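Here is the structure we will look at.
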């Protein structure tokens, strides 16, 4: 892989429209019982426009940015050698159904450790107005030749 | 609503055992869009040297935080959530896998009105997540 990857950014992803049923489907898949994720009336009673996504839902939006990185021939990352090492979400506000989100990935760190490389990528996810919603940070471990 | 001054560092705020089956993996694959076949095909998992079909790390991360969501009163309280994936969760086709989740108060910030909750997730006696921390806003 390319050791000069640090600092590289990719263009914003196509807008992702957060669907109510997608939020519910995701909530059920992670075993959520949160009424605000499942019940529109409960979400509205709590002051939200629609159902609120579970904390790990941003990965659905982040995925398109990781595809940009892993699909970039100049990055030279062999997907078959990639292991998910760390994940973090830092919220400015929760994701709510109806949000239209775009993400910009920046490679913030590249380290080599033994024969492996650790690539940390921050995907800044913002709404229609460009206001920050959540930053999704992944550290990928790229295994070296065995 | 949980008052910060009722909490002490080290308090266990939630404990739960969650069963993960192959069905759970297929459901999560569809919901998340992560269709890596190591999460549902034994032959593919074996061909890349894995001990079996693995749960998505993101399913483990998403599942582990739910007891905290129930305690704190919903996903909108979460300000920050991070984990390290330290050990894979192998999901047996018949028996599935059991995740034992414990959530403890790691630190409190009265000025910010936030608590850091530290998660321990065990599978077959060993932990599968490291530095699993969720910062929640109380009240």
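Table for the structure above
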| read-out | value |
| --- | --- |
| Helix A:20-29 axis, angle to chain A major axis (alpha carbon atoms, nearest 10°) | 70 degrees |
| Chain B - Debye-derived log10 I(q)/I(0), Cα point model, q = 0.11 Å⁻¹ | -0.43 |
| Degrees, to the nearest 10: B:22-32 long Cα axis against longest axis of chain B | 70 degrees |
| Pairwise centroid distance, computed over Cα atoms, of the range B:109-139 with the range A:69-89, Å | 26 Å |
| Alpha carbon centroid spacing (whole Å) that separates the range A:1-66 from the range A:101-146 | 17 Å |
| Between 0 and 90°, nearest 10: helix A:58-70 axis offset from chain A longest Cα axis | 20 degrees |
| Highest average packing first - A:10-19, A:34-43, B:71-80, Cβ atoms within 10 Å | B:71-80, A:34-43, A:10-19 |
| Projected area averaged over orientations for chain A, convex hull of C-alpha atoms, nm² | 9.2 nm² |
| Length-normalised contact order for the range B:1-129 - Cα pairs under 8 Å, 6+ apart - percent | 35 percent |
| 18 Å reach of a label modelled at residue A:14, 7 Å along Cα-to-Cβ, counting backbone N of the range A:107-134 | A:126, A:128 |
| A:24, B:16 arranged by Cβ crowding within 10 Å, fewest neighbours leading | B:16, A:24 |
| Estimated FRET transfer efficiency when R0 is 25 angstrom, pair residue B:11-residue B:94 (beta carbons, to 0.05) | 0.10 |
| Hull volume in cubic angstrom per residue (convex hull over the Cα atoms of the protein assembly as shown) | 135 Å³ |
| More than 15 Å apart - percent of Cα-Cα pairs taken over the range A:91-146 | 55 percent |
| Tensor-based shape of the range B:1-73 (alpha-carbon gyration tensor, a/c under 1.5 rounded, otherwise prolate or oblate) | prolate |
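Every number here is computed from the coordinates shown, using simple stated rules; none is lab data. In this text the structure is predicted, and so the values were computed from the model without any measurement. Counting neighbours? That spans all protein chains shown, and the Cβs are built from the backbone with ideal geometry, glycine included.
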